[in-house]
Amino acid sequence: MEIFIVGIFVVALMVYVSTRIKKSAAQAYESETIEAEDFTINKPAGFINLVNDDSPFAFEAYTKDFGTDEAKDFRQARARLRRISDSSFDAVCKNVKQSAGKILSKNFSENAASGQRVFLLETEGVETNVAVFSAWKIVESRKRRKIYELQISVLEEYKKNYADEVAEMIESFAVKQM
């Protein structure tokens, strides 16, 4: 009888813990505003923000779902933000344009927020035989003496599905003034 009572207690505890884990996992995919020391960005619902101190990225998020067929090893969408302090704004923009496939649109703003320049770029390219759409926002903060390179990549077949999320991240990404 005592074993039965202990068994019921263990099963109840397992159900409770399992429910809490599922709830936490679901919350990770909800929208949130990521506020770092030097930037902010809105992470849309459906993306998970990776927190990894060993990552070369200041911010990294991706979708839970993968592509199909040749893209089965690729997330449907991902976002990565790099801080660059050992290059010039012009060099970073040039490198992105050269590494990109087909340029769909580009926009440069010298008169962005105080002490900043912004370059927006949309491209189509191929990564390991998979068609990918990328949206870039490159921000130079003269006061911080850094360049911030945000790249959001979406598998071409899911471009329409994630159009709002891409726009939200591009528009919301801002480098804080000092």
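The values are calculated or read from the model by the stated rules, or taken from the named source; none is laboratory data. Source: prediction; values computed, not measured. Glycine gets a Cβ as well: all are built from the backbone with ideal geometry, and neighbour counts include every protein chain shown. Ligands, DNA and RNA are excluded from the accessible area calculation, which covers all protein heavy atoms including side chains. Shrake-Rupley method; radii C 1.70, N 1.55, O 1.52, S 1.80 Å.
Once all protein chains are placed together, Asp54 keeps about 140 Å² accessible to a 1.4 angstrom probe.
In order along region 150-163, the phi-based Karplus estimate (6.51 cos²θ - 1.76 cosθ + 1.60, θ = phi - 60°) of 3J(HN,Hα) comes to 9, 10, 10, 10, 10, 4, 3, 5, 10, 4, 5, 4, 10, 4 Hz; Gly and Pro are listed as x.
By the rule of a C-alpha distance below 19 Å, with chain neighbours fewer than 8 residues away ignored, the lysines paired with Lys176 are Lys43, Lys137, Lys143, Lys146. Can you send over the carbon and sulfur percentage of the accessible area for region 104-164, probe radius 1.4 Å, protein chains only? Ligands and nucleic acids excluded, carbon and sulfur give 44 percent. Converting phi to 3J(HN,Hα) with the Karplus coefficients 6.51, -1.76 and 1.60 and the offset θ = phi - 60°, region 34-39 yields 8, 10, 9, 4, 10, 7 Hz in sequence order, with x at every glycine or proline. Separation of region 108-178 from region 31-82 is 13 Å, based on Cα centroids. Across Ile138, Ile5, the residue with the most accessible area heads the list, and the full order at a 1.4 Å probe is Ile5, Ile138.
Pull up the cross-link candidates among the aspartates and glutamates for Lys64, meaning alpha carbon to alpha carbon under 19 Å and not fewer than 8 places away within one chain. In chain and number order, the partners are Glu30, Glu32, Asp73, Glu156, Glu157, Asp164, Glu165, Glu168. Applying the criteria of a DSSP loop state and at most 14 other Cβ atoms within 10 Å to the trypsin sites (Lys or Arg not before Pro) of region 60-133 yields Lys64, Lys72. Using a/c under 1.5 as the rounded threshold, could you call region 20-178 rounded, prolate or oblate? The axes a ≥ b ≥ c are square roots of the C-alpha gyration tensor eigenvalues, and prolate needs a/b larger than b/c, oblate otherwise. Verdict is oblate for region 20-178.
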